[in-house]
Protein chains: 2
Amino acid sequence: MSTATDLFTAHREILDQAIEATRTRAYYSAFNESPSPRVYGETAAADGQAAFEAWRGTTFPLDTPGADGTVSTEKSPFGFALDVAYPRVAPAGVDALVAAAGAGLKAFRDAGPEARLGVCLEVLHRLHGRIFELANAVQHTSGQAFVMAFQAGGAHALDRALEALAYAYTEMTRTPRTARWEKPGRGEPLRMEKTFTAVPRGLSLVIGCNTFPTWNSYPGFFASLACGNPVVVKPHPGAVLPLAITVQVAQEVLSEAGFDPHLVTLAAEDPADGLAAVLAVRPEVRLVDFTGSNAFGEWLEKNATQATVFTEKAGVNTVVLDSTDSFKGLCTNLAFSFALYTGQMCTAPQNVYLPADGIDTDEGHKSVAEVAEGIDAAFGKLLGDDARAVELLGGVVNDGVLSRLESAGSAGKVYVESRAVQHPEFEGAVVRTPTLIGLTAADAEVYESECFGPVAYLIETSGTDESVDLFRSTVQAHGAMTASTYSTSDDVLAQVRDAALDAGVALSENLTGGVFVNQSAAFSDFHGTGANPAANASYTDGAYVASRFRVVQSRRHV
Amino acid sequence: MSTATDLFTAHREILDQAIEATRTRAYYSAFNESPSPRVYGETAAADGQAAFEAWRGTTFPLDTPGADGTVSTEKSPFGFALDVAYPRVAPAGVDALVAAAGAGLKAFRDAGPEARLGVCLEVLHRLHGRIFELANAVQHTSGQAFVMAFQAGGAHALDRALEALAYAYTEMTRTPRTARWEKPGRGEPLRMEKTFTAVPRGLSLVIGCNTFPTWNSYPGFFASLACGNPVVVKPHPGAVLPLAITVQVAQEVLSEAGFDPHLVTLAAEDPADGLAAVLAVRPEVRLVDFTGSNAFGEWLEKNATQATVFTEKAGVNTVVLDSTDSFKGLCTNLAFSFALYTGQMCTAPQNVYLPADGIDTDEGHKSVAEVAEGIDAAFGKLLGDDARAVELLGGVVNDGVLSRLESAGSAGKVYVESRAVQHPEFEGAVVRTPTLIGLTAADAEVYESECFGPVAYLIETSGTDESVDLFRSTVQAHGAMTASTYSTSDDVLAQVRDAALDAGVALSENLTGGVFVNQSAAFSDFHGTGANPAANASYTDGAYVASRFRVVQSRRHV
């Protein structure tokens, strides 16, 4: 038995649990989301932070074929340069990178699904062992506050990775490795033995994003690798370290299991090089996973036609407010969703449609201004104290967010102004609270675009019917990762559900407690649908993994 | 219970059997391939032929939205015009067609997977009831001899359709319709109820081919329809009738089950209109299934980027001859594969690589010329009698095949000349036997292209190692639907299997009996792999159906 299949045996139980969870869609998590010392040990947090700090000012020790010199491109949204240097792949180095990436494909293919899953599961296990280090790396590249970086960038990212592995293993093993076939006839039956082998597509390019470098990259990374495809990781220049750590761990495990470590490589770039576009159209690249802008995502879909392209782009996430039996719950829940990570989640709500004459609530009828006041009051509780506020808001990831925030007020009536928050720990951190802007249904040119960052719109409509129509048409045309609604009427809920099916977007109903529309739970909630322009794929369904390998058969008489 | 779900219940057993067969890959067929009166009844053959004859000279009664006038484009390869007129969709009618096709989507979506499967299974059941009519229609459009038209165009096409339905139902139901989710926490657990709905992608365009109008169209047609996508069928102008009958049956069943019959439409064209290219890039079209030329297939892959495109194009099917313990079996099997339907199958072998100094056999060492003689002798037995020959060869589907055949001899040494055969029943039939041409490894410019039709090459190499290398490199570069090999050496077989994995092509080993490399059995053999340039998809694996729908969820607290 090889090392890799030993690893498979060692991690088999967690894989089986994960597969079962994808079938039942019940709650499951393999990686504890609490950074508490009671879970991870007394020294884990300090050790992880020290490991992160130790990278600062160094050259990250990765061997990247084709690299020439280094690049150092990361700046923490909390106010300091990371000053970590990574091997730089310039366009001139792509030939060498691609050749080296493909060199180990055959041995990894021939090792079979269990060996590949063993490697991937061990990578998750070791990343989990470095979760505090990863969390610091995610915090200081994305700007997420620490606990969120630990959860979304650590435990939940690992869960999403495991989910992708569960689907990959299910897909690769749904066809038996061998089969007997016996066709009855007039004389002797025709008898054959058949062999079925899952073979990889070729190179897989994973293009990371700045805000969720691990969570958004892991599903494609692990689904591709498990199916035997060498993975070239092109990180966002602003968020390299979390993926450098990931690649380092993957190379370690691959080497120890006897495989070519260059089955996984990190292609850090000088942003001016536009490396992703060069890599994405290489004939050797047969899979592309991308999270980022509409413009580049659509470019990939149109131009990387030699590959199967999975994109998560942007959309206008929508809330339809009709009525509620918990006005306070509604306001708190929405305020939290707007504020969490400064609205820099692809799942954060933006467009809140509500009747111009207000909504019925358990606290009486509320005008639009009163709804805004309710949300503002909730902001006050969540964000009034700077020390607490920064743990929810994190930092502003880049200047684009700031400039959009600054110009947002001119688009409509400012119900709630954004406020600059002084981070008690990081002097240079750029922290802002959300703004809430009033619009009407006529302001389509404003609310039909994503205003990425802490900007939300209260959009007055002629009533819930128009709200639902706008929800449907806006999402069909411009996409959405999430939608939610509040209503005490079963008829309205049915109407919104129907519109959500038409628009192809996941719907959350009457969230007034501890679940937020921004959040999707691995193994139970699909992230994105692939059914509207915001994304052409979903984390994780069968379609997300089924085309990452092909089945090649041989047959012979017996 | 609706009519559609009654139909599901009625056909449930066959669906379950089909699903089980796709899992075991053991022999299964739901539609008897024997046209014998003992199976189908004494009058079935005559009734079916009469039904076919009754269409001749008529306007086929189909209502196609957007159609204007009619077209009549079919000519039997057996020597007569069909003279059946079909509603013509010109590019100017596409707006109306697309609008009408989409009108019934929502009701069909909301009916759910079981209702849609019920409709599709009933369509198969009724097509089976018209199998002799279909076989005549396939015969007199494709040129297949009757028994082959009955089998490949009837029973096997229905089996491939059922296989696609089995995969579609499995995929749509692998996520439960509802789930409970309960996340433990410090206080009360978070509890949610979730609903998951399979929603269609949009319109599905199925572009038929001349040679296998049903067999190659049914997998995409039924996979798309089962997943809720309205299907626009654009038949090859030379093979409309089999798909017109199919659309007629589908519309009947849809209507009777209370759905919009225009969920399935036939878009017959004047060939000069280039209708497929117009339809394929419509934004409403989200799925395209195509069988045909490399040129148009690659155009679709590059240009229909708004859709998921499934293509089966052309390749160079390969045989590696190393040695055999049944020289007669080898010669007979290869001769049959070359001759069947005049080599006009996308699976027919073309490039036979063998050592220039010949091969070892149970009848002693055979030179290349002796191998050619052995195949020629087998042709003599199979095709020496005209009346028997036409039942294997069928007719030449179009003039392109004839002209390629006529110029093939100039490319190399003619070992076996093609012969014109007089069809005893159809005076105007164009029937030809295969030619066998000798080449060497240096003649890459000849054997690296598909010469569609009854042309096979015996290609001399320096030995089996070079044969295997050429097999690998030629298929990687130019694609193949099939490959086969003959060797008595386990080492050589392992070497060829490995090359087949590298090249991404299915391999048949030592076929000397009643199984031919051209033939793939539904439920057990995959047709095409998607892993080489000849096709980007396979009949039928998970990847072929998983992206024909998306999952949209809603969730709420309980």
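With a sphere of radius 13 Å drawn around the Cβ of B:Asp47, what net charge do the other residues whose Cβ falls strictly inside it have (Lys, Arg +1; Asp, Glu -1)?
Working: positive: B:Arg130; negative: B:Glu42, B:Glu53, B:Glu133.
Overall, the nearby charge balance is -2.
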Debye log10 I(q)/I(0) for the stretch A:318-509, one point scatterer per Cα, at q = 0.11, 0.13 Å⁻¹: -0.45, -0.63
With B:Lys381 itself left out, Lys, Arg at +1 and Asp, Glu at -1 over residues whose Cβ is under 15 Å from its Cβ give -2
Between A:Arg88 and residues 5 or more places away or on another chain, the pairs with built amide H atoms under 5 Å apart involve A:Asp68, A:Gly69, A:Thr70, A:Val71
On Cα atoms only, tilt of A:490-503 relative to the major axis of chain A in degrees: 50 degrees
Percent relative contact order of the stretch B:1-101, based on C-alpha pairs within less than 8 angstrom and at least six residues apart? 19 percent
At 37 °C and a viscosity of 0.692 mPa s, what translational diffusion coefficient does Stokes-Einstein give for the stretch A:168-229, taking Rh as the Kirkwood radius over Cα pairs? Give it in µm²/s as a whole number. 222 µm²/s
Calculate the mean, over all residues of peptide B:104-110, of how many other protein chain Cβ atoms lie within 10 angstrom of the residue's Cβ. 1
Mean shadow of the protein assembly as shown, computed from the convex hull of its alpha carbons, in nm²? 42.7 nm²
Starting at the first residue of the stretch A:307-315, write each ³J(HN,Hα) from the Karplus equation 6.51 cos²θ - 1.76 cosθ + 1.60 with θ = phi - 60°, in whole Hz, x for Gly and Pro. 10, 8, 10, 10, 10, 10, 10, 10, x
Averaged across the residues of B:22-31, what count of C-beta atoms belonging to other chains lies within 10 Å of each residue's C-beta? 4
Would you pull out the residues with amide H under 5 Å of B:Thr461's amide H, same chain only if 5 or more places away, H placed 1.01 Å from N? B:Leu354, B:Ala356
State, to one decimal in nm, how far the label point of A:Asp376 lies from the label point of A:Lys302, with both points 7 Å from Cα in the Cβ direction. 4.4 nm
With axes computed from alpha carbons, what is the tilt in degrees of helix A:105-129 against the longest principal axis of chain A, rounded to the nearest 10 within 0 to 90? 40 degrees
Starting at the first residue of the stretch A:406-420, write each ³J(HN,Hα) from the Karplus equation 6.51 cos²θ - 1.76 cosθ + 1.60 with θ = phi - 60°, in whole Hz, x for Gly and Pro. 5, 8, 5, x, 5, 7, x, 7, 7, 7, 9, 8, 6, 10, 7
For chain B, give me the percentage of DSSP beta bridges that are antiparallel, rounded to the nearest 5 percent. 40 percent
Interchain or long-range residues, amide H under 5 Å from B:Gly208's placed H: B:Lys234, B:His236
Cβ-derived FRET efficiency at R0 45 Å, A:Thr59 paired with A:Ser34, nearest 0.05: 0.85
Cβ-Cβ cut-off under 9 Å around B:Lys366, Lys and Arg +1, Asp and Glu -1: the net charge is -4
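With +1 on the Cβ of every Lys and Arg and -1 on the Cβ of every Asp and Glu, and nothing else charged, how large is the dipole of the protein assembly as shown about its Cα centre, in debye rounded to the nearest 20? Walk me through the numbers before you get to the answer.
Numbers: 80 positive and 132 negative charges, 200 e Å.
Rounded to the nearest 20 debye, it is 960 debye.
Over 26 Å, how big is the tail of the calculated P(r) for the stretch A:190-323, in percent of all Cα pairs?
The calculated P(r) of the stretch A:190-323 puts 28 percent of pairs beyond 26 Å.
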I need the calculated FRET efficiency for the pair A:Val147 and B:Glu448, taking r as the beta carbon distance and R₀ as 60 Å, to the nearest 0.05. 0.50
Only bridges whose two residues both fall in the stretch A:351-481 count here: according to DSSP, what percent of them are antiparallel, nearest 5? 40 percent
Using only helices, what value at 222 nm comes out for chain A when you add -39,500 (n - 2.57) per DSSP H run of length 4 or more and divide by the total residues, to the nearest 500 deg cm²/dmol? -13000 deg cm²/dmol
Express the Stokes-Einstein translational diffusion coefficient of the stretch B:1-60 in µm² s⁻¹, to the nearest whole number, given a Kirkwood radius over alpha-carbon pairs, 37 °C and a viscosity of 0.692 mPa s. 219 µm²/s
Pairs on different chains or at least eight residues apart, Cα atoms closer than 29 Å: how many lysine pairs in chain A fit? 15
10 Å Cβ neighbours from other chains, averaged over peptide B:501-508: 6
Normalising by the residue count of the stretch B:318-509, find the relative contact order in percent from Cα pairs under 8 Å and 6+ residues apart. 29 percent
FRET efficiency, A:Ala477 to B:Ala441 (Cβ-Cβ, R0 51 Å, nearest 0.05): 0.35
Output ³J(HN,Hα) for the stretch A:371-387: one whole-Hz value per residue in order, computed from phi by the Karplus curve 6.51 cos²θ - 1.76 cosθ + 1.60 with θ = phi - 60°, and x for Gly and Pro. 5, 4, 4, x, 5, 4, 4, 5, 4, x, 5, 6, 10, x, 9, 4, 4
In chain A, if every C-alpha pair distance is counted and binned at 10 Å from zero, what percent goes to each bin? 4, 18, 27, 25, 16, 7, 2, 1, 0
Have a look at the DSSP beta bridges in the protein assembly as shown and tell me what percent are antiparallel, nearest 5. 40 percent
Using alpha-carbon pairs under 8 Å, 6+ residues apart, how would you state the relative contact order of chain A in percent? 17 percent
For the stretch B:1-115: span of alpha carbons on each principal axis (Å, largest first): 46, 43, 28
Residue-span extension gain [B:Ala96 to B:Asp498] - 0.36 nm each, minus C-alpha spacing: 139.6 nm
At q = 0.11, 0.13, 0.24 Å⁻¹, work out log10 I(q)/I(0) for the stretch A:326-406 with the Debye formula, treating every Cα as an identical point scatterer and leaving solvent out; two decimals please. -0.33, -0.46, -1.18
Extending each Cα 7 Å along its Cβ direction at A:Asp386 and B:Ala277, get the distance between those two points in nm, one decimal. 6.6 nm
For the stretch A:247-335, which semi-axes, largest first and in whole Å, follow from the square roots of 5 times the eigenvalues of its Cα gyration tensor? 39, 21, 12
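None of the figures in this text is laboratory data; all of them are computed from the coordinates on show. Small disclaimer: the values here were computed from a predicted structure and weren't measured. FYI the Cβ positions are ideal-geometry reconstructions off the backbone, even for glycines, and counts take in every protein chain you see.
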